[in-house]
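Inspection log for the structure reproduced underneath, given as structure tokens.
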Amino acid sequence: MCGIFAYVNYNVSKERSYILEVLFNGLRRLEYRGYDSAGISIDSSSKIANGDTCPSLPPLVFRQEGNIESLVKSVYQEVATIYLNLEESFSSHAGIAHTRWATHGEPAPRNSHPQSSGEENDFVVVHNGVITNYEVLKKTLVRHGFVFVSETDTEVIPKLAKYVFDKACEEGDLTVTFCQVVLEVMRHLEGAYALIFKSRHYPNELVACKRGSPLLLGVKEFNEEGNVGPSFDDSKSLLSSIRPKELFFSSDASALVDHTKKVLVIEDGEVVHLKRFNLYYFIEPADSFPKYLTDDVFPPSGSVQIDNFLLFIQKYKTITRVWWLQDGAVSIVKFNQKMGKHAGRLARPASVQRALSILEMEVEQINKGKYEHYMQKEIHEQPESLRTTMRGRLIRGGSSKGKTVLLGGLKDHLKTIRRSRRIVFIGCGTSYNAALASRPIVEELSGIPVTLEIASDLIDRQGPIYREDTAVFVSQSGETADTLLALEYALENGALCVGITNTVGSAIARNTHCGVHINAGCEIGVASTKAYTSQIVVMAMVALAIGADTISNQARREAIVDGLIDLPNKLKDVLKLDEEMKDLAKLLVSEQSLLVFGRGYNYATTLEGALKVKEVALMHSEGILAGEMKHGPLALVDENLPIFVIATRDACFSKQQSVIQQLHARKGRLLVMCTEGDAESVSVGGTCRVVEVPRVEDCLQPVINIVPLQLLAYHLTVLRGYNVDQPRNLAKSVTTQ
């Protein structure tokens, strides 16, 4: 949903124009998450009229409704109006940026982020999430004289930060740090959030924290010649390296990969403080200046490192010479709700150490390449994404060994899963549909009852989850808010929790007991395509792994493994229907409704196909279980309403033939998807428009059958003139309830 991006340079001279473009490009990389307004905050001039440094001027805040290009245009217009020097260079600077998906208040500049503490912008904040107790906090702050100008829940945060800071100063705590202010703010917040704070009182510093919403730190170091240096090789170097560096915060790895692959996935409750840390060294009269400080001489002999130089020189009067340098430091502390004030001052928790990881992502993955839209690209990437999903996991066997699968993330828990009283799949939207498509094969091969839960509904009704259950959480992003709440609920109830996600290091990947990454690659389009097919394949492999100890279904399992091996080639064949689906879209472009009928394995295909059409083409569409046709939906059938029937070869084929006959008898306007060679069997009197697809194993047929519907949804959207990759009102990663 909302996207957060921040950029800090330390001891790397950058012009204001460069800083602006880094922030704008970061937001462009986050566009796919969905948004309706955007904003940034940068420093005003670092020099006053006489040329002296003046680091405490209020930061500048720019906000604009609409897309990022509207923001870019308005920023440069305002920059020209206030005569801001774009060529001004900063050796250190901290800027923040945000794309907003409206939850509280309409899309408008006053409701866009960054939100401010007041006219002087003492504190500004960007926020992803929802503060559930904001109304209580707002009433309290109003009583203390704060004036609110937006309708957002976020505005309470910078105003609360100003209140905490002012209170600490009034009580004589002049050394209160930025991190302490943020920790005290966190003590009063309820809900889910990822936050980045910027303040005029702490120039060139940023503080980030999270609870529930995703946030990453990216690190890029330079050597003495200004080239990109070696990576931080351990957690200590993250905290103490004095090399010039650029640091980034982002809601998503896609905005970091342009700059660095070295990242830290910030965990819930962690507070990350980026600061221009001044290292002061004093020399007694008999000593000489220390040589240039390097990593090998740190700190130098005969010197002392201190945090507050002004207080220090007041205490020690004998200092004659001072050597100092500035370092871009990263400190990480863990939030503790119980930690408040100590001896009348805000608490100072100890730092924790974290190691960096390396992103498994290339810039090419997040570019459109030869395609016009990300959705189009991702549909056509599915043969390769499925190969990547299955790579190293399919065991073809030999003369004495059977064909099977190897899922390293599950192997230590398979015995526990096999003893489960039931398997519960939990997801939302497309992920739920993928689980629904996989349920029959999991039941067949495991012999364990399988139920499905929409995550939000499970939480609303507090449905029963038992210790003997295996709960499988399916999420492309691994950060879906409702699914995370359901995960927390299942963990509290003692169930074995399994994660199926596309995002390494996501909240679901970290908090489940075990799991499988689908490895579909970065998916930018809001409407999920390749992640859906990879999820089905992964869940089919999970079914194979669970049922691997049963001799009676060995032939069935081996046939599925063969089908999986050949599946990418079959997908290549079905993608040849692109032009045919484009022609079909031209016939349907002016329609207002579309019904999709299916059953068995393909009931999920009807739901997912209808979802794709309504998501991007903004056409009402409904997936209907064909067995329920006579229980209401049949009343809608007439000669005008287009009806798409999925009737590929499986155990339900004859029943679907009957459905087609009944719809035809009522003059239904039929479009039928069937297996290659079955056109005559499903086209009554040759009046149906038929789409033929390759035949695969029945449990894998949903992977093939969804592709024509994905193509249909894509071409309908283009023909209707809508935004394919950023549908109206929708977000890629739903990180709020």
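The values are calculated or read from the model by the stated rules, or taken from the named source; none is laboratory data. Note that the coordinates shown come from a computational prediction; the quantities given were computed from them, not determined experimentally. Positions of Cβ are backbone-derived with ideal geometry, glycine not excepted, and every protein chain shown enters the neighbour counts. These accessible areas exclude ligands, DNA and RNA; they are computed on the full protein's heavy atoms, side chains included. Shrake-Rupley method; radii C 1.70, N 1.55, O 1.52, S 1.80 Å.
Considering only DSSP states other than H, G, I, E and B, which chymotrypsin sites (Phe, Trp or Tyr not before Pro) in the range 458-539 qualify as loop sites with at most 12 other Cβ atoms within 10 Å? Display every interim value, and only then the final one.
On the way: sites: TYR466, PHE473, TYR489, TYR532; in loops: TYR466.
Of the chymotrypsin sites (Phe, Trp or Tyr not before Pro), not one in the loops of the range 458-539 has a Cβ with at most 12 other Cβ atoms within 10 Å.
With only Lys, Arg, Asp and Glu charged, each at its Cβ (+1 for the first two, -1 for the last two), find how big the charge dipole of the chain is about the Cα centre; round to the nearest 20 debye. Provide the component values of the computation, followed by the final result.
Numbers: 80 positive and 87 negative charges, 229 e Å.
Approximately 1100 debye in magnitude.
For n ≥ 4 DSSP H runs only, could you compute -39500 (n - 2.57) per run for the chain, divide by its residues and tell me the 222 nm figure to the nearest 500? Write out the running numbers ahead of the final one.
Working: 21 runs with 238 residues, N = 737.
So the calculated ellipticity at 222 nm is -10000 deg cm²/dmol.
Return one whole number: the accessible area per residue of the range 615-737 in Å², for a 1.4 Å probe. All intermediate terms of the calculation are to be shown ahead of the outcome.
Values: 4970 Å² over 123 residues.
I get 40 Å² per residue for this part.
Hey, any idea what % of the range 632-737's accessible area is carbon plus sulfur with a 1.4 Å probe? Please list the in-between numbers first.
Values: 1860 of 4210 Å².
About 44 percent, which is the carbon plus sulfur part of the accessible surface.
If you average the sequence gap of Cα pairs under 8 Å that are 6 or more apart and divide by the length of the range 53-208, what percent do you get for the contact order?
On the way: 211 pairs, mean separation 45.0, N = 156.
Worked out over the range 53-208, it gives 29 percent.
What relative contact order, as a whole-number percentage, does the range 426-479 give when Cα pairs under 8 Å and 6 or more residues apart are counted?
Numbers: 38 pairs, mean separation 28.3, N = 54.
So the answer I get is 52 percent.
Where does each of SER590, SER70 land when they are ordered by accessible area, with a 1.4 Å probe and the largest first? Please list the in-between numbers first.
On the way: SER590 90, SER70 45 Å².
My answer, sorted largest first, is SER590, SER70.
In whole Hz and in residue order, list the ³J(HN,Hα) couplings for the range 259-267 that follow from phi through the Karplus curve 6.51 cos²θ - 1.76 cosθ + 1.60, θ = phi - 60°; x for Gly and Pro.
Values, residue by residue: 10, 7, 10, 9, 9, 10, 7, 6, 9 Hz.
For the range 426-544, with only Lys/Arg (+1) and Asp/Glu (-1) charged at the beta-carbon, what is the dipole magnitude about the Cα centre, in debye rounded to 20? Could you put the intermediate results ahead of the total?
Working: 5 positive and 12 negative charges, 59 e Å.
Rounded to the nearest 20 debye, it is 280 debye.
Which percent of the accessible heavy-atom area of the range 100-175 goes to carbon and sulfur, probe 1.4 angstrom? Working shown, then result.
Values: 1750 of 3230 Å².
So the carbon and sulfur contribution to the accessible surface is 54 percent.
Which residue, chosen from LEU564, LEU407, SER446, occupies the Cα position most advanced towards the positive end of the dipole of the chain, where the dipole is computed from +1 (Lys, Arg) and -1 (Asp, Glu) charges on Cβ about the Cα centre?
SER446
Under 1.5 on a/c is rounded, so check that first for the range 462-574, then, if it is not, pick prolate when a/b is larger than b/c and oblate when it is not; a ≥ b ≥ c are the square roots of the alpha carbon gyration tensor eigenvalues.
Numbers: a/c = 2.74, a/b = 1.25, b/c = 2.20.
The shape class here is oblate.
Which whole-number value in Å² is the accessible area per residue of the range 412-520, probe 1.4 Å?
Details: 4080 Å² over 109 residues.
Value for the range 412-520: 37 Å² per residue.
Once you sort the root eigenvalues of the Cα gyration tensor of the range 402-533 as a ≥ b ≥ c, which label holds: rounded (a/c under 1.5), prolate (a/b larger than b/c) or oblate (the other case)?
Values: a/c = 1.42, a/b = 1.09, b/c = 1.31.
Rounded.
Report for the chain the percent antiparallel among DSSP-assigned beta bridges with both residues inside it, nearest 5. Spell out each step's value before the answer.
Details: 80 of 121 bridges.
Just about 65 percent of them are antiparallel.
Highest mean first, how do 80-86, 420-426, 577-583 rank when packing is the count of other Cβ atoms within 10 Å averaged over residues? All intermediate terms of the calculation are to be shown ahead of the outcome.
Values: 80-86: 10.7, 420-426: 21.4, 577-583: 15.1.
The densest-packed peptide leads the list: 420-426, 577-583, 80-86.
Just reorder ILE358, ILE131 by solvent-accessible area, largest first, 1.4 Å probe, all chains present.
I get ILE358, ILE131, largest accessible area first.
Using θ = phi - 60° and the Karplus form 6.51 cos²θ - 1.76 cosθ + 1.60, what ³J(HN,Hα) does each residue of the range 623-634 get, whole Hz, x for Gly and Pro?
x, 10, 5, 4, x, 9, 4, 6, 9, x, x, 4
Which value, in Å² rounded to 10, gives the accessible area of ILE19 with a 1.4 Å probe and all protein chains present?
0
Return the long-range amide H neighbours of VAL12 (sequence gap of 5 or more, or a different chain), with a cut-off of under 5 Å between placed amide H atoms.
Those qualifying (amide H under 5 Å, at least 5 residues apart or on another chain) are LYS245.
Once you order the gyration tensor axes a ≥ b ≥ c over the Cα atoms, which shape class does the range 54-187 get: rounded for a/c under 1.5, otherwise prolate or oblate by comparing a/b with b/c? Walk me through the intermediate numbers first.
Working: a/c = 2.13, a/b = 1.22, b/c = 1.74.
Oblate, because a/c is 1.5 or more while a/b does not exceed b/c.
What is the magnitude of the charge dipole of the range 483-584 about its Cα centre, with +1 placed on the Cβ of each Lys and Arg, -1 on the Cβ of each Asp and Glu, and no other charges, expressed in debye to the nearest 20?
Details: 8 positive and 12 negative charges, 34 e Å.
I would put it at about 160 debye.
Calculate log10 I(q)/I(0) of the chain for q = 0.06 Å⁻¹, where I(q) comes from the Debye formula with a single equal point scatterer on each Cα and nothing for solvent.
-0.42
Over the heavy atoms of ARG211, what accessible area does a 1.4 Å probe trace out, to the nearest 10 Å²?
Estimated to the nearest 10 Å², ARG211 gives 70 Å².
Sort 549-558, 636-645 by packing, meaning the average of other beta carbons within 10 Å per residue, with the highest value first. Numbers along the way, then the final one.
Numbers: 549-558: 13.2, 636-645: 17.6.
Taking the mean over residues of other Cβ atoms within 10 Å, the ranking is 636-645, 549-558.
Within the chain, which whole H helices from DSSP have a Cα span along their axis of at least 27 Å and a mean Kyte-Doolittle hydropathy of 0.5 or more, if any? Don't jump to the answer; show the numbers that get you there.
Numbers: long enough: 554-574 (28 Å, -0.35); 701-720 (29 Å, 0.95).
Answer set is 701-720.
How high is the relative contact order of the chain, in percent, counting Cα pairs under 8 Å that sit 6 or more residues apart?
On the way: 1570 pairs, mean separation 84.1, N = 737.
Result for the chain is 11 percent.
Could you work out how much longer the chain between ASP412 and GLU135 gets when fully extended? Use 0.36 nm per residue separation minus the Cα distance between them, nm to one decimal.
Numbers: separation 277, 0.36 × 277 = 99.72 nm, distance 4.70 nm.
Gain on stretching ASP412 to GLU135: 95.0 nm.
Quick one: order ARG669, ARG695 from most to least accessible surface, probe 1.4 Å. Don't skip to the end; give the middle numbers.
On the way: ARG669 80, ARG695 135 Å².
My answer, sorted largest first, is ARG695, ARG669.
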